[in-house]
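To start, the structure under review is shown below, and the notes come after it.
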Amino acid sequence: MKQIILTFFISIFTLNAFAQETTESDVKQRLDFARTYFELGGTFLPSFEGKRLLNNEIQTFTNPESVMQYLNWGGFHFWGHAAFYVTIPLSYNALKNNDEIGSELLHSVATGARFFPWAYREGKLRPYVGLGWSALDFKQKSESEEEQTTLSKDFMLSYDAGLLYGYRNFSLRLGINYFPDTQWDYPLSRTTKSKIKTPDYGVQVGLLYAMDFSKRTTTDNIEKWNSYPPLSKQSLDATKKGAFFIGVGPSISFSLKESEYNQEEFPYLKEKLTSTNYFDIAIGYHFSKIGLFTALSFRNPEFETKGYGSSQSIKKTSLCLEVNKFLLDYSGFVPYVGLNVAYDKLKYTESIDDANRTLTFDHKIEPGVTFGWDIQPGKNQEALILRTNLRWYPFSSFEIDGKGFDFSQLEYNLIQLVFYPGRLEKKGK
């Protein structure tokens, strides 16, 4: 957790230094600060050795070269000096099929940043370096054995470098990724594990399409918003006390620690659980003049791991009340920090060789910390903005058969679309 926070603030400091450089335009306009983009591409991964257990002996086999298709959703920021993004893996395809044995390796990025020493410009070839808070999922597959376990490395910093060339709204990117942690203690059965090393690099080719929503406003608003100082209070120029909002966006949750119960009862399953994607739905009120908002959020993530005839799942239903304070506004990039308290209901289910049991844990009150940022070119005048937030719950836990199950989590709300109905009538005036 400390490593993630430190990396983020180092990134912001670096970007701020980049942003002071002279660009091709004489004036850095506020509405030129950010542009949204989508990228579709593939990552080539070299071959590597896998292991399997056959007749109580460990055998080695070769996984062929492969391609992982991915979708990136992100934005160019700081006037072309940076790109923030998330990566969603789409599919994994081996370049040589083997019906009996094989593996699957998927790379996702919860938050990534690429830095351009020379600002991105149309018709120019630009180098970049980057880092990401990444996850690797690895699973071996065998037709002749029980379903094997998917293991994950959920809090890994990955690094990349490459070149980007833009033409109009399109860009072509060529890059190389480096994964520093690719050693797996992989279960070949319920009782046997073996060391497997997956590739520590991949080569990426992607096609980007960028769009700019912030300039779809009136001429008066463009002039007014561009007149704001680069660094100012979020509450600057607020004329109304506040406004109600509703928000919705895709999210994912990560368990932060291993559990005593799983280490003893399920050592052949995933050590830390990651949820499937779910929606964070929020309703709240923004106090415009003091730069603070409060919200009530609903989330229902589900965590699951399975392998070798066993499965384990946790369904969480949660309401969260939070209060967040905006720290500053840097040309529409508006970070905030706050406290929250969640009311959780957990439904735990496990199955071993078709023997099932379910436990329910109600009335769990969990305190947490929230950190995030808004993209607000128009400060308190826009009806529609984008929000990203992370919620940290360090104390969540429960017990099964007298053994502790550590369920401390980090909830990551990727991109939330936040709508202020009361601002619609003011837009363009």
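The values are calculated or read from the model by the stated rules, or taken from the named source; none is laboratory data. Computed from a predicted structure; not experimentally measured. Heads up, the Cβs are rebuilt from the backbone with ideal geometry, glycines too, and the neighbour counts pull from every protein chain shown.
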Inset, instruction - Take ASN380 and decide whether it is at pLDDT below 95 and either surrounded by 21 or more Cβ atoms within 10 Å (Cβ to Cβ) or under 23 Å from the mean Cα position of the chain (by Cα) (or both). - result: yes
Inset, instruction - Of all residues in the range 90-101, count the ones that are in contact (Cβ under 8 Å) with a residue 40 or more places away in the chain and either crowded, with 20+ Cβ neighbours inside 10 Å or touching a strand residue (DSSP E or B) at 6+ places or on another chain (Cβ under 9 Å) (or both). - result: 2
Inset, instruction - Go through (1) more than 30 Å from TRP225 (Cα to Cα); (2) of a type in the set (Lys, Arg); (3) surrounded by fewer than 20 Cβ atoms within 10 Å (Cβ to Cβ); (4) touching a residue at least 12 places away in the same chain (Cβ under 8 Å) one by one and return the number of the condition LYS325 breaks. - result: (1)
Inset, instruction - May I ask you to list the residues in the range 277-299 that are β-branched (Val, Ile, Thr) and farther than 15 Å from SER318 by Cα? - result: ILE290, THR294
Inset, instruction - State yes or no: is ALA119 closer than 24 Å to ASP329 by Cβ and either assigned to a loop (DSSP other than H, G, I, E, B) or outside the structural domain of SER152 (by TED's automatic domain parsing) (or both)? - result: yes
Legend entry - Residue in the range 122-143 that is surrounded by the fewest Cβ atoms within 10 Å (Cβ to Cβ), counting only those that are assigned to a strand (DSSP E or B) and of a type in the set (Asp, Glu): GLU122
Inset, instruction - Return only the number of the condition from (1) within 17 Å of the chain's Cα centre (by Cα); (2) surrounded by fewer than 16 Cβ atoms within 10 Å (Cβ to Cβ) that ARG391 does not satisfy. - result: (2)
Inset, instruction - Go through (1) over 23 Å from GLY112 (Cα atoms); (2) assigned to a strand (DSSP E or B); (3) more than 25 Å from the chain's Cα centre (by Cα) and name the single condition TRP184 misses. - result: (3)
Legend entry - Single match in TYR343, TYR336 (criterion: surrounded by 15 or more Cβ atoms within 10 Å (Cβ to Cβ) and part of a strand (DSSP E or B)): TYR336
Legend entry - Close pairs (6 angstrom Cβ cut-off, 6 or more residues apart or separate chains): crowded, with 20+ Cβ neighbours inside 10 Å in the range 304-321, among the β-branched types (Val, Ile, Thr) anywhere: GLY307/THR149; SER310/ILE352; GLN312/THR305
Inset, instruction - For SER47, work out the one condition from (1) at pLDDT below 85; (2) surrounded by fewer than 16 Cβ atoms within 10 Å (Cβ to Cβ) it doesn't fulfil. - result: (1)
Legend entry - Filtered residue count, the range 199-218, keeping only those that are of a type in the set (Val, Ile, Thr) and at pLDDT 95 or above: 2
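Please work out if GLU271 is under 30 Å from THR358 (Cβ atoms), among the acidic types (Asp, Glu), in a strand (DSSP E or B) and in the same structural domain as GLY402 (by TED's automatic domain parsing).
No; evaluated as a whole, the condition is false for this residue.
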Legend entry - Unique residue being over 20 Å from the mean Cα position of the chain (by Cα) and outside any strand (DSSP E or B) when the list is GLU104, GLU146: GLU146
Inset, instruction - State yes or no: is ASP280 within 30 Å of PHE76 (Cβ to Cβ), touching a strand residue (DSSP E or B) at 6+ places or on another chain (Cβ under 6 Å), of a type in the set (D, E, K, R) and crowded, with 20+ Cβ neighbours inside 10 Å? - result: yes
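For the range 31-73, list the strands (runs of 3 or more DSSP E) that sit wholly inside it and hold at least 3 residues that are closer than 23 Å to LEU172 by Cα and out of contact with any helix residue (DSSP H, G or I) (no Cβ under 6 Å at 6 or more places or on another chain); which are they? Talk me through it step by step, then tell me what you get.
Working: elements: 35-45, 48-54, 57-63.
Once the strands (runs of 3 or more DSSP E) in the range 31-73 are filtered for at least 3 residues that are closer than 23 Å to LEU172 by Cα and out of contact with any helix residue (DSSP H, G or I) (no Cβ under 6 Å at 6 or more places or on another chain), what remains is 35-45.
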Legend entry - Failed item in (1) in a loop (DSSP other than H, G, I, E, B); (2) under 22 Å from SER108 (Cβ atoms), with SER189 passing the rest: (2)
Inset, instruction - Give the residues of the range 239-268 that are assigned to a loop (DSSP other than H, G, I, E, B), among the hydrophobic types (A, V, I, L, M, F, W, C) and surrounded by fewer than 19 Cβ atoms within 10 Å (Cβ to Cβ), sorted by residue number. - result: LEU256
Legend entry - Positions within the range 252-278 being aliphatic (A, V, I, L, M) and closer than 15 Å to LYS193 by Cβ, in sequence order: LEU269
